[in-house]
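Here the structure is laid out as structure tokens; the discussion comes afterwards.
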2 protein chains.
Amino acid sequence: MASVDRKRHKMKGHRFILCRFLSEDIMPGAALDPSGRKILLSWPDGRNGCGITNEKGRDKNMNQYYEELKSYMDKGVALMHAMGLFSWDNETLARSRSLEKTAKTIGILSAEYFSNLINDRVKELLNCLKDADDLTEVERAVVDKMTEDVRQLEVIPPEEYQAYSELVSRSTSVWAKAREENDFASFCPVLKEIIAYQKKFAGYMAKDGQKKYDALLDQYEKGFGMEQLDAFFGQLKKEIVPLLKQVSQKNDAIDKSMIYRTYPVDKQKEFCQFLADYIGFDMERGIIAESAHPFTIGFHNDDVRITNHFLPENVESAMFSVIHEGGHGIYEMGVSDEVSQTWVGGGASCGMHESQSRLFENIIGRSRAFWQPIYGKLQEMYPEQLGDVTLDAFYRAINKAQASLIRTEADELTYCLHIMVRYEAEKKIFEEDYPVEQLPQLWNQLYEEYLGVTPSTDTEGILQDIHWSQGSFGYFPSYALGNAFASQIYHQMEQDLDMPALLAQGNFKEIDGYLGRHIHQYGASRPSARLLKDMTGEDFNPTYYTEYLKKKYAEIYDL
Amino acid sequence: MASVDRKRHKMKGHRFILCRFLSEDIMPGAALDPSGRKILLSWPDGRNGCGITNEKGRDKNMNQYYEELKSYMDKGVALMHAMGLFSWDNETLARSRSLEKTAKTIGILSAEYFSNLINDRVKELLNCLKDADDLTEVERAVVDKMTEDVRQLEVIPPEEYQAYSELVSRSTSVWAKAREENDFASFCPVLKEIIAYQKKFAGYMAKDGQKKYDALLDQYEKGFGMEQLDAFFGQLKKEIVPLLKQVSQKNDAIDKSMIYRTYPVDKQKEFCQFLADYIGFDMERGIIAESAHPFTIGFHNDDVRITNHFLPENVESAMFSVIHEGGHGIYEMGVSDEVSQTWVGGGASCGMHESQSRLFENIIGRSRAFWQPIYGKLQEMYPEQLGDVTLDAFYRAINKAQASLIRTEADELTYCLHIMVRYEAEKKIFEEDYPVEQLPQLWNQLYEEYLGVTPSTDTEGILQDIHWSQGSFGYFPSYALGNAFASQIYHQMEQDLDMPALLAQGNFKEIDGYLGRHIHQYGASRPSARLLKDMTGEDFNPTYYTEYLKKKYAEIYDL
């Protein structure tokens, strides 16, 4: 249920893909007949289970079983929609005073979501439908995804999950305080506990001899375990770390000061609305609001919402946020009606979702071709601030690369190196039982090694991300994969479309339509690896990414 | 569940108090043990029911039964909260394109709400707790209110209710079209069908020989049937209809033209925010947004939301809307923590809720004493529009009374006469089987009789309100009762508080605190009739209302 997961992680301003809803009570769901109207706790013929017949054609029972499963799915999707709306409301509108009482409602809906999914009847139905051969592709995907989600939720004993949930509900504030006070020591014991649970859970989740960290990674991006990631990050280490070194030596070559002039917020809003429209974020099905951290939430393909955040002395931040979130949003809007509001109604995976936002934000949004037709408009809006800045100077400014300490502020070139630090640290935690106390040193050392900078405090070091305090281990790599997917996808777009012409015309109808046909329409009914292969004709290949970066930065920095 | 009901009717911009959620499936709820954590489908001692022991002290079983009931209550309240949030979102933010798919979610939540409330276990628990003598006052109120709601929902056979729901889901658009096209004939057959159902339902709901219209009235304001309403409206007929005639003869005595000058909307917003703060609508627990029709929705006492609507050429509309909705909101905020988020967490009744909004809007908000300390501020904000208007001229303008055709635009003096038309018509429909075809003539004739004006079209006559198209019969009188309750309450406030001084100081802390202690804190845990009696020392007495109107208008119009 990637869409739904996405909602959650996005809502918190952090990544958190595996939905683990607190289960306080498990109610056995009642069975509904296909019309959804009657109680049907045993089958009409007296069997209290199901059997698969081998008749030809669509098996009547299969139909009935799927319809019954669908009623559980519909309820789960509806509850997730409701929880998503609460998240949206909490982030964009609700007063902080309201949160405590509202949390009670969310807790009840979560428990209901859990009990609706985890119960004997759903398991029975999933089991009945396991080998059914007359399901449509989407139905098959629904059955498989629900089966997987049930399994993931079920492998953890409820008492342990309960205790863990309580721990995690405390840990974020411990982390926030520690970050504020630059005090890793106060966060360390909590982090240790979380890691201990995650190790245990990883053990439960691991399939036949799977390594722990692979089991965690599997939650976020299927088919991208340590083997694939070691190769991917190895290539980055080999090619991008040296590239950054070259770029760093030319640090003064690009002047970015004009980006930080004063840009009135009302004009920023106006231009961001223009950008959203320009790239095809459909305002008849979309909403743009403000929140502390920009995020995207998709309730269904006709209700997709993004937020933005405006800084008066930074013209770049909000513009690229709206393009980034707009990319996520266009994905969610592009899901077909057949798939929307099903268990596979969201994006294919975290990484695939990020590929779309990064494709829009960086590959397209930070290209010269994108700005060529609209930079004049930006200049008109800010004659004092940008009247004297050429398109070329602007293009170079928005692409200035510089090693820094904070992931969320990283540029296109250095972003994946930040992820690499986290990947290496997580691998050591789960595969080498690395001592939690020594993680800050490891962190700083990896920053020095990959980015050539060293945090002077843990606040700007290991304490910067919320993820670990939420138990999200194995999540970070999907960010990096998203960037790499995007390059591979864009390379194919350049073969199939006349990208320079489309960007010169601002023809996003064509661009979005193409992505819709190849990726968006399927939602999560096809895995990301398959989408990539079907579209580009080959498996994931990180070379497109490294080549893209090398070419782009060589040109900009005249290397 | 008045709060929740209120949410619904307010959300639709119309009154609709009885929540009848479409039930497509009824799931037997599982029993939860008191901790809410385990499944407990039969009792530990093997009994699968309950028995009341006569031991002294709080009966352990009673405790257990109430705790179990509470888990159903909590779930119902949570689902209602979620549905309320969807309503809020739909009215204030969601795009129209999203509504169809979002309706699916709301339908599922509604069905879940219904099945959570209407099932054998809840009935069993309510039955067990019927005579329990060791419940707290709030617990007792919860049990009684749930029992009543279950009964009201249950007396109607599900198939009939299903068919009725389908009818009603169509009827609003039929009505809207008929209103637009001034075509009562096209609405008439649908209205007939709705009335036929309502008659049947009223028959089901009626308790021992109760008349049909009384059964309908009972849904909205307990203890105010035709006997009480005939007396109430009889008094209005005797005293207010002649008063209006007197006032109408002096129609030109008051100049209201300055109200309709041009008032920039941004300034209106600023002043309305000031007014909300001024009367004590707590922005730490409250939100103000915009919607086509102003409404209030309370999720719990820490999250209360109101909306407003701004007209650039009318300074009065938005100001009195915010005071009106603010009055509703202050009620919802004043509910105690013990009562909030329970089955009796909303206001005592429709009429009592309206009494608070009308008390703020009219009795306080349209008084000289209210404006004395703040009119200068309003003038400062609009020097061109109001600089030349004295407080007295402004006071008279905002109190100008004039018979008109449209209820929602009616002033304080004529409002209840509009309601009287509807009351008489409804009474004839249900007690005299008045022919539906002839209702427009009846309507026009009653308007002439009570207000001295006759609609020239059905659009501005019988087709003006949405209520009947939604099956809300018996609802209108609660509006009028609210006004009358307000006068009786205010009369008491004048005895207990130094109202002139408090209004001169703008001391709403004292005023709101007083109302909180006597009314708001109890939510719906005490019926409106009791609140009124406890506070004022007497039963409902409409004379306070007629005296208030007579005195006020005699002074304004120099009668």
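Quick one: dipole size for chain B, taken about the Cα centre, charges +1 on Lys/Arg Cβ and -1 on Asp/Glu Cβ, in debye to the nearest 20. All intermediate terms of the calculation are to be shown ahead of the outcome.
Working: 63 positive and 86 negative charges, 84 e Å.
My answer is approximately 400 debye.
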How high is the relative contact order of the range A:118-273? Use alpha-carbon pairs under 8 Å, at least six apart in sequence, and give a whole percent. 12
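Enumerate by residue number the GluC sites (Glu not before Pro) in the range B:419-518 meeting two conditions: DSSP loop (anything except H, G, I, E, B), and at most 13 other Cβ atoms within 10 Å of the site's Cβ. Please list the in-between numbers first.
On the way: sites: B:Glu424, B:Glu426, B:Glu431, B:Glu432, B:Glu437, B:Glu448, B:Glu449, B:Glu460, B:Glu494, B:Glu510; in loops: B:Glu432, B:Glu460.
The qualifying sites are B:Glu432.
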Reduced to Cα centres, the span from the range A:431-509 to the range B:338-385 in Å works out to 53
Dipole axis of the protein assembly as shown (+1 Lys, Arg; -1 Asp, Glu on Cβ), positive-most option in A:Leu391, A:Leu311, A:Ala94: A:Ala94
Kirkwood Rh and Cα-based Rg: tell me the resulting Rg over Rh for the range A:126-219, rounded to two decimals. 1.14
Filter the cross-link list A:Lys101/B:Lys101; A:Lys245/A:Lys552; A:Lys75/A:Lys145; B:Lys237/B:Lys427 down to pairs whose alpha-carbon distance in this structure exceeds 19 Å. A:Lys101/B:Lys101
Mind listing the Cα extents of the protein assembly as shown along all three principal axes, in Å, largest one first? 94, 78, 57
Do any trypsin sites (Lys or Arg not before Pro) in the range A:71-160 lie in a loop, going by DSSP, with at most 11 other beta-carbon atoms within 10 Å of their beta carbon, and if so which? A:Lys130
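Which order do the peptides A:110-118, A:352-360 come out in when sorted by mean C-beta neighbours inside 10 angstrom, highest first? Spell out each step's value before the answer.
Values: A:110-118: 22.8, A:352-360: 28.8.
Top of the packing list down: A:352-360, A:110-118.
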Ignoring ligands, DNA and RNA, how do A:Asp131, B:Asp277 rank by accessible area with a 1.4 Å probe, largest first? A:Asp131, B:Asp277
If I model a spin label as a point 7 Å beyond the Cα along the Cα-Cβ vector, how far apart are those points for B:Asp539 and B:Lys192 in nm? 4.1
Placing +1 at every Lys and Arg Cβ and -1 at every Asp and Glu Cβ, with all other atoms neutral, what dipole size does the range A:394-497 have around its Cα centre, in debye to the nearest 20? 280
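What is the average number of partner chain Cβ atoms found within 10 Å of a Cβ in A:94-106? List each step's numbers first, then the result.
Working: counts 6, 10, 3, 8, 11, 2, 2, 10, 8, 0, 6, 14, 3.
Averaged over the peptide's residues, the number is 6.
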Largest-first principal axis extents of the Cα set of chain B (Å): 81, 53, 49
Put a label point 7 Å from Cα along the Cβ direction on A:Asp558, then list its distances to the equivalent points in the other copies in nm, shortest first. 8.8
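For A:Gln210 and B:Leu497, what does the FRET efficiency come to when R0 = 56 Å and r is the distance between their Cβ atoms, rounded to the nearest 0.05? Intermediate values should be presented prior to the final figure.
Details: r = 72 Å, r/R0 = 1.29.
The value I calculate is 0.20.
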Along the charge dipole of the protein assembly as shown, which of A:Tyr545, B:Ile156, B:Gly516 sits closest to the positive end, that is, farthest toward it, with unit charges on the beta carbon of Lys, Arg, Asp and Glu (+1, +1, -1, -1)? B:Ile156
Taking the label point as lying 7 angstrom from Cα along the Cα-to-Cβ axis, what are the distances from B:Lys199 to the corresponding position in the remaining copies, in ascending order and in nanometres? 7.7
With label points built 7 Å along Cα→Cβ from the Cα atoms of A:Glu409 and A:Glu67, find their separation and express it in nm. 5.9
Going Cα to Cα from A:Lys400, which aspartates and glutamates come in below 15 Å? Please leave out same-chain ones fewer than 8 positions away. A:Asp252, A:Asp255, A:Glu316, A:Glu361, A:Asp392, A:Glu409, A:Asp411, A:Glu412, A:Glu555, A:Asp558
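Quick check on chain A: helices-only [θ] at 222 nm, where DSSP H runs of length 4 and up contribute -39,500 (n - 2.57) each and the sum goes over total residues. Nearest 500, please. Show your work: numbers first, answer last.
Values: 23 runs with 328 residues, N = 559.
Taken over chain A, the calculation gives -19000 deg cm²/dmol.
From the alpha carbon gyration tensor of the range A:408-507, can you work out the equivalent ellipsoid semi-axes (sqrt of 5 times each eigenvalue) and give them in Å, largest to smallest? Could you put the intermediate results ahead of the total?
Working: eigenvalues 239, 44, 26 Å².
Rounded to whole Å, the semi-axes are 35, 15, 11.
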What span do the alpha-carbon atoms of the range B:212-254 cover on each of the three principal axes, reported in whole Å from largest to smallest? 44, 17, 14
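Taking the DSSP beta bridges in the protein assembly as shown as the whole, what percent of them are antiparallel, to the nearest 5? Working shown, then result.
Numbers: 10 of 20 bridges.
If I count the DSSP bridges inside the protein assembly as shown, around 50 percent turn out antiparallel.
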Residue-wise HN-Hα coupling along the range B:473-489, computed from phi with Karplus coefficients 6.51, -1.76, 1.60 (Hz; x: Gly, Pro): 10, x, 8, 3, x, 5, 4, 5, 4, x, 4, 6, 4, 4, 5, 5, 5
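Output the relative contact order of chain A, whole-number percent, from Cα pairs under 8 angstrom with separation of 6+ residues. Each step should come with its number before you reach the end.
Working: 823 pairs, mean separation 109.0, N = 559.
Averaging sequence separation for qualifying contacts and normalising by length gives 20 percent for chain A.
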For A:81-92, what's the mean count of beta carbons from other chains sitting within 10 Å of each residue's beta carbon? 4
Run the numbers for A:Lys509 and A:Ala393: contour at 0.36 nm per residue of separation, minus the present Cα-Cα distance, in nm. 38.9 nm
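Mind checking the mean number of beta-carbon atoms from other chains within 10 Å of the Cβ atoms in A:68-75? Each step should come with its number before you reach the end.
Working: counts 0, 0, 0, 3, 0, 0, 5, 7.
Shielding by partners across A:68-75 averages 2.
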What is the residue of chain B with the smallest Cβ distance to the axis taking B onto A, and what is that distance in whole Å? B:Ala82, 2
Projecting each Cα onto the charge dipole of the range A:207-317 (Lys/Arg +1, Asp/Glu -1 at the beta carbon, about the Cα centre), which of A:Pro242, A:Gly209, A:Gly225 comes out farthest on the positive side? A:Pro242
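Report the FRET efficiency, 1/(1 + (r/R0)^6), for A:Glu448 and A:Asp183, where r is their Cβ-Cβ distance and R0 is 35 Å, rounded to 0.05.
Details: r = 22 Å, r/R0 = 0.64.
E between A:Glu448 and A:Asp183, to the nearest 0.05, is 0.95.
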Considering only the label points, 7 Å along Cα→Cβ from Cα, what distances in nm to one decimal separate B:Asp337 from the same position in each other copy, shortest first? 5.0
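The values are calculated or read from the model by the stated rules, or taken from the named source; none is laboratory data. It should be emphasised that the depicted structure is a prediction, and the values quoted were computed from it without experimental measurement. Cβ coordinates were reconstructed from backbone atoms using ideal geometry, including for glycine residues, and neighbour counts include every protein chain displayed. What goes into the accessible areas is simple: the full protein's heavy atoms, side chains included, and nothing from ligands, DNA or RNA. Shrake-Rupley method; radii C 1.70, N 1.55, O 1.52, S 1.80 Å.
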